[in-house]
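The values are calculated or read from the model by the stated rules, or taken from the named source; none is laboratory data. Fair warning: this is a prediction, and the values are worked out from it, not measured in the lab. Cβ: placed from backbone, ideal geometry, glycine included. Neighbour counts: every protein chain shown.
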Amino acid sequence: MQIGFHLTPFWSPTDRTPTQIIDEAIEVVRAASRMGFAWVSMGHHWVSHPTIWPQPFPLVARLAPETGTMRIKTSVLLLPLLNPVDVAENVATLDHITHGRLILGVAIGYREKELETVGLSRKDRAPKLEESIQLMKRLWSGEEVTFAGRYTKITGARMGFTPFQQPHPPLEMGAQSEGATRRAARPPSFPCGAPARIPIDASPEPK
């Protein structure tokens with residue numbers, strides 16, 4: 001059995017400054033790395049007032065040297081809000097920064113306020129997520145990619161480098177509803193999630 005912990009509880013109370021909150025989380029993770037924890041995870045939200053949600057990609061980079069051999073998870077990244085090419089590039093970079101200890105957890109999200117910022121509605125969430133995963137996997141292969149999707153189009157594009165873990169970091173999908181669980185279980189997807197997290201597409205443990 002592997003035991004890890006999620007950082008969301010450490011973002012409260014919010015009577016501390018964001019700097020204090022992040023610095024204290026770093027101290028917690030540094031201590032946990034010496035106590036045998038297997039992983040640490042962090043969530044993702046935008047326009048979150050009055051709560052505080054540090055963004056996951058820079059936080060992963062900052063925590064990487066503090067985590068020892070612990071895995072670092074995004075749990076979960078709201079993939080439909082993001083450009084999948086940008087995510088693929090950031091994930092590849094972070095996978096090298098962590099020396100292959102990154103796990104990418106994604107979900108469709110649920111907050112209308114977040115979806116509005118990128119011109120999406122709730123009905124766009126699942127198709128955008130599935131399309132993004134398909135494109136990201138092709139980009140991570142290191143091959144030249146031409147892709148004409150509903151939300152993203154690229155022509156003759158190739159990433160400069162592939163992830164540390166091959167073919168890519170382990171993938172997890174947040175799944176709370178029956179429909180989300182069914183979607184997550186369909187290849188080439190993968191479930192995880194609150195309350196259930198079920199990984200597939202796992203890469204080997206980092207050496």
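Counting only strands (runs of 3 or more DSSP E) that sit wholly inside region 1-94, those with at least 1 residues that are more than 29 Å from S141 (Cβ to Cβ) are 4-6. Among the residues of region 62-69, are any surrounded by fewer than 23 Cβ atoms within 10 Å (Cβ to Cβ), of a type in the set (K, R), touching a residue at least 24 places away in the same chain (Cβ under 8 Å) and within 19 Å of K123 (Cα to Cα)? Within region 62-69, none of the residues are surrounded by fewer than 23 Cβ atoms within 10 Å (Cβ to Cβ), of a type in the set (K, R), touching a residue at least 24 places away in the same chain (Cβ under 8 Å) and within 19 Å of K123 (Cα to Cα).
Confirm whether A184 is assigned to a helix (DSSP H, G or I), modelled with pLDDT under 70 and out of contact with any His (no Cβ under 7 Å at 6 or more places or on another chain). Yes; evaluated as a whole, the condition is true for this residue. Looking only at residues of region 80-124 that are among the basic types (K, R) and more than 23 Å from W39 (Cα to Cα), we find that the one that is surrounded by the most Cβ atoms within 10 Å (Cβ to Cβ) is R111. Scanning region 108-128 for residues that are touching a residue at least 60 places away in the same chain (Cβ under 8 Å) and either polar (S, T, N, Q) or in contact with a Lys or Arg (Cβ under 9 Å, 6 or more places away or on another chain) (or both) turns up I108, T117. Go through region 132-157 and report how many residues are assigned to a loop (DSSP other than H, G, I, E, B) and exposed (fewer than 12 other Cβ atoms within 10 Å of the Cβ). Qualifying residue count for the region: 2.
Restricted to region 24-45, and to residues there that are under 14 Å from the mean Cα position of the chain (by Cα) and hydrophobic (A, V, I, L, M, F, W, C), the residue that is surrounded by the fewest Cβ atoms within 10 Å (Cβ to Cβ) is W39.
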